[in-house]
Amino acid sequence: MRPSVAPFPAARLRRLRRSAALRDLAQENRLDAADLIWPVFLREGTDVAEPIPSMPGVARLSIDRAVRAAAEAADLGIPAICLFPYTGAELRTEDCAEAWNPDNLTNRAIRAIKAECPGIAVMTDIALDPYNINGHDGFVVDGEIVNDTTVEALTRMALAQAEAGADILGPSDMMDGRIGAIRTRLEQAGHRDVAILSYAAKYASAFYGPFRDAVGASGRLVGDKKTYQMNPGNSDEALRLVERDLSEGADMVMIKPGMAYLDICRRVKDSFGVPTCAYQVSGEYAMLRGAADRGWLDGERVMMESLLAFKRAGCDAILTYFAPEAARLLKEN
Ligand code: PBG
């Protein structure tokens, strides 16, 4: 369908841009706090918020502080938070066993948050990188990231998170067959209603740099993730991945990173019409925040404009480190 335009002067498209009232009336897409998922970094300790240098304004939170963040999110109308653990050297092993420890940092945080703020949806990350000695999302054997034994480990990790009370599981590892394997394991264990938000179209991106600092993976990663994450030159492949993950039982799908991949968001939404999320990743946050802190950009305006762009591209939800700040601004206005 093409928008119909009469010849000038019958049509003057500026008529609807004349005043704030008319612009509001004609606005096609809007951002709401209910569209946001807030990624939160965890660390051990009590009452600590440890700043992350490459992500100004973001800190690793102890569990008690994360519970307070969840309460704040609920207050601001943010429906979900997503947990990422910082793990030091002592918990990183070749077998990644900490990943399915029922009492690991993430699983303890899930329980604490669900006990204090049952209304907020808790999302997790499923991948071995926080627990792996070499920073990879899967097991490394003879220099190769092996698929099938990694998938088996991921299902154990998923089950432990579901048992801790997670509402949404987020497999971010890009192994083949993990959605089906996790879904089957959840059904067998009676966790019928745990949702899976698949990181379906996840690109091998340099925009993840600050995140790897935040979770303690930066100095450790050996090589790159190009044998499992997507080639940034590809678009049709994203549709194959989304279709495959949906067919295996994903409830929602994600495109990641966000701003440089809005064309993929639009194609996915148009092709499948399923709940579609984008992740405005750490590097996107860092570049906007870094420029704003130097006075080179208007921080609030670029934050809101970038988030609205995800809605325009067809996304239903956005994972963003700006979530509390954007929600506060939406509440005030
Ligand atoms: C790892 C994971 C990554 C992110 C989320 N989960 C990093 C990676 O794949 O190396 C990145 C998030 C961000 O950059 O904000 N499984």
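The values are calculated or read from the model by the stated rules, or taken from the named source; none is laboratory data. Everything numeric in this text was worked out from a predicted model, so none of it was measured. Don't worry about glycine lacking a Cβ; one is built from the backbone with ideal geometry, like all the others, and counts go over all protein chains shown.
Of all residue pairs spaced 6 or more apart or on separate chains, those with beta-carbon atoms under 6 Å, a first member in region 312-332 that is touching a residue at least 24 places away in the same chain (Cβ under 8 Å) and a second member that is aromatic (Phe, Trp, Tyr) are 318/310; 319/279; 321/285; 323/38.
Scanning region 85-103 for residues that are within 13 Å of the ligand (Cβ to nearest atom) and buried (at least 21 other Cβ atoms within 10 Å of the Cβ) gives 85, 87, 96, 99. Check whether at least one residue in region 118-135 is more than 16 Å from the ligand (Cβ to nearest atom), under 22 Å from residue 45 (Cβ atoms) and of a type in the set (D, E, K, R), and report yes or no. No; the residues of region 118-135 include none that is more than 16 Å from the ligand (Cβ to nearest atom), under 22 Å from residue 45 (Cβ atoms) and of a type in the set (D, E, K, R).
Does residue 199 count as under 20 Å from the mean Cα position of the chain (by Cα), on the phi < 0 side of the Ramachandran plot, modelled with pLDDT of 95 or more and near the ligand (Cβ under 9 Å from one of its atoms)? Taking the combined requirement at face value, the residue satisfies it. A Cβ distance below 7 Å, combined with a sequence gap of six or more or placement on separate chains, defines the contacts here; from region 200-228, residues that are under 17 Å from residue 87 (Cβ atoms) and in a loop (DSSP other than H, G, I, E, B) reach residues that are of a type in the set (Lys, Arg) and modelled with pLDDT under 95 in the pairs 218/212; 221/212.
Which residue is surrounded by the most Cβ atoms within 10 Å (Cβ to Cβ), if the candidates are limited to region 6-60 and must be among the hydroxyl-bearing types (Ser, Thr, Tyr) and within 34 Å of the chain's Cα centre (by Cα)? Steps first, please.
Of region 6-60, the ones among the hydroxyl-bearing types (Ser, Thr, Tyr) are 19, 46, 54.
Imposing the further condition that a residue be within 34 Å of the chain's Cα centre (by Cα) reduces the set to 46, 54.
On the way: 46: 8, 54: 18.
So, considering only residues that are among the hydroxyl-bearing types (Ser, Thr, Tyr) and within 34 Å of the chain's Cα centre (by Cα), the one surrounded by the most Cβ atoms within 10 Å (Cβ to Cβ) is 54.
In region 219-258, of all residues being closer than 13 Å to residue 136 by Cβ and among the polar types (S, T, N, Q), the one that is farthest from the ligand (Cβ to nearest atom) corresponds to 227.
Taking the criterion of being without any contact (Cβ under 8 Å) to a residue 24 or more places away in the chain and either in a loop (DSSP other than H, G, I, E, B) or on the phi > 0 side of the Ramachandran plot (or both), the residues of region 8-60 that qualify are 8, 9, 10, 11, 12, 18, 19, 27, 45, 46, 47, 48.
Among the listed residues 74, 112, which satisfies the condition of being over 21 Å from residue 226 (Cβ atoms), of a type in the set (A, V, I, L, M, F, W, C), at pLDDT 95 or above and out of contact with any helix residue (DSSP H, G or I) (no Cβ under 8 Å at 6 or more places or on another chain)? Break it down into steps so the answer makes sense when it comes.
On the way: 112 fails: out of contact with any helix residue (DSSP H, G or I) (no Cβ under 8 Å at 6 or more places or on another chain).
On inspection, the qualifying residue turns out to be 74.
In region 77-103, the qualifying residues are those that are part of a helix (DSSP H, G or I) and in contact with a Phe, Trp or Tyr (Cβ under 8 Å, 6 or more places away or on another chain), and the one that is modelled with the lowest pLDDT is 91.
Considering only residues of region 171-196 that are in a loop (DSSP other than H, G, I, E, B) and within 16 Å of the ligand (Cβ to nearest atom), which is surrounded by the most Cβ atoms within 10 Å (Cβ to Cβ)? Don't jump to the end; show me each part of the working.
Step one: list which residues in region 171-196 are in a loop (DSSP other than H, G, I, E, B), which gives 172-177, 189-194.
Right, trim to within 16 Å of the ligand (Cβ to nearest atom) and you get 172-176.
Details: 172: 20, 173: 26, 174: 24, 175: 24, 176: 15.
Residue satisfying both the conditions and the ranking: 173.
Does residue 185 satisfy being farther than 15 Å from residue 127 by Cβ and at pLDDT 95 or above? It is true that residue 185 is farther than 15 Å from residue 127 by Cβ and at pLDDT 95 or above. When 149, 106 are checked against the criterion of being away from the ligand (no atom under 16 Å from the Cβ) and either outside any loop (DSSP other than H, G, I, E, B) or buried (at least 20 other Cβ atoms within 10 Å of the Cβ) (or both), 149 stands alone in meeting it.
Has region 87-102 got at least one residue that is under 24 Å from residue 320 (Cβ atoms) and of a type outside the set (Gly, Ala, Ser)?
First, the residues of region 87-102 that are under 24 Å from residue 320 (Cβ atoms): 87.
Okay, now just the ones that are also of a type outside the set (Gly, Ala, Ser), so 87.
Yes, some residue in region 87-102 is under 24 Å from residue 320 (Cβ atoms) and of a type outside the set (Gly, Ala, Ser).
Kindly check whether there is at least one residue in region 304-321 that is buried (at least 18 other Cβ atoms within 10 Å of the Cβ), over 17 Å from the mean Cα position of the chain (by Cα) and among the small types (Gly, Ala, Ser). No, region 304-321 contains no residue that is buried (at least 18 other Cβ atoms within 10 Å of the Cβ), over 17 Å from the mean Cα position of the chain (by Cα) and among the small types (Gly, Ala, Ser). Given the criteria closer than 17 Å to residue 52 by Cα, surrounded by 19 or more Cβ atoms within 10 Å (Cβ to Cβ), within 16 Å of the ligand (Cβ to nearest atom) and in contact (Cβ under 8 Å) with a residue 60 or more places away in the chain, does residue 279 qualify? Against the criterion (closer than 17 Å to residue 52 by Cα, surrounded by 19 or more Cβ atoms within 10 Å (Cβ to Cβ), within 16 Å of the ligand (Cβ to nearest atom) and in contact (Cβ under 8 Å) with a residue 60 or more places away in the chain), residue 279 does not qualify.
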